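The values are calculated or read from the model by the stated rules, or taken from the named source; none is laboratory data. For clarity, every value in this text was computed on a predicted model and none was experimentally measured. All Cβ positions, glycine included, derive from the backbone under ideal geometry; neighbour counts span all protein chains shown. SASA here: full protein model, heavy atoms, side chains in, ligands and nucleic acids out. Shrake-Rupley method; radii C 1.70, N 1.55, O 1.52, S 1.80 Å.
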Amino acid sequence: MRRPQAIDLQNVPRPVAAMARVYQGSVDSGWHSHRRGQLLLITDGFMTARIPSASFIIPSGYGLLIAPNVPHAVTAHGRVAMQSLYIEANDTPQVDWEPIRVIPMSALLSATISALLGEPVLYDVEGRGGHLVALILEEIASAEESPFALPMPTDKRLQKLCNDLSDTPSIDLDIDHWADRLGMSRRTMTRRFRMETGMSFSEWRRRVRMAHVMRRRAEGARLDEAAVDVGYRSLSALRKAMREVLS
């Protein structure tokens, strides 16, 4: 008998329901939402995700925690193996759903989710399945946010800047040139960008470049090819940027 799919797991009489899936090639889910909260975990490959106010990088070994009823779209880049937990928010007060964020998948979280996937969908809440779920929820609650979010500003001019860089991350203009393009002073642009995204323009640009590097790598490109594609002139420059993003 097939294991239920996402739509089947929204009303299972258990606080957490789990499924696993493998995408053999690039797939875009399109915009959708779930009644339950979701933890979308990547066990192999690379995905990106979007909500109305931000986009996210989800490398292998990380997961995106999405609050209930939030519209989102996810894209698998190349072959991707993923696991998804659908969590009844009202029954799991230990999980903080804000902000929507990427978290690391600890060894314990990975092991307990794999074990839960071996249990019946209607697992015994007083037995092994219930114990696994309790561990899973504690691991989610204690996980720290990872630096893989790309918040979108609300200012239309800054949105255009972000969209231009997302489409063509190799654009190599400094802050003064972008400020001139947008009809802002450098000071106004940098202050407003940080106020609306929570990070500096330079940090945001590094993150979007890392997202493209990871996508190109997932699609089979060599690291040096990916570096050139996003505007880095050498592998050492790319590796330095990767350390800055991941530190």
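Quick notes
- Residue within the stretch 147-156 that is of a type in the set (Ser, Thr, Tyr), modelled with pLDDT under 95 and within 21 Å of the chain's Cα centre (by Cα) present: yes
- Qualifying residue in the stretch 218-232 (condition: of a type in the set (Ser, Thr, Tyr) and modelled with pLDDT under 90): yes
- Cβ-Cβ distances below 8 Å connect the following pairs, each with a first residue in the stretch 21-47 that is closer than 16 Å to Pro104 by Cβ and in contact (Cβ under 8 Å) with a residue 60 or more places away in the chain, a second residue that is charged (D, E, K, R) and outside any loop (DSSP other than H, G, I, E, B), and a separation of six or more residues or different chains: Phe46/Arg215; Phe46/Arg217.
- Residue count for the stretch 176-190 satisfying the condition of being open to solvent by 100 Å² or more (accessible area, probe 1.4 Å) and under 17 Å from Gln159 (Cβ atoms): 1.
- Elements of type strands (runs of 3 or more DSSP E) contained in the stretch 1-79, each with 3 or more residues being among the aromatic types (Phe, Trp, Tyr), out of contact with any Gly (no Cβ under 6 Å at 6 or more places or on another chain) and within 20 Å of Pro120 (Cα to Cα): none
- Number of the exception - Leu109 against (1) touching a helix residue (DSSP H, G or I) at 6+ places or on another chain (Cβ under 6 Å); (2) open to solvent by less than 20 Å² (accessible area, probe 1.4 Å); (3) outside any helix (DSSP H, G or I): (3)
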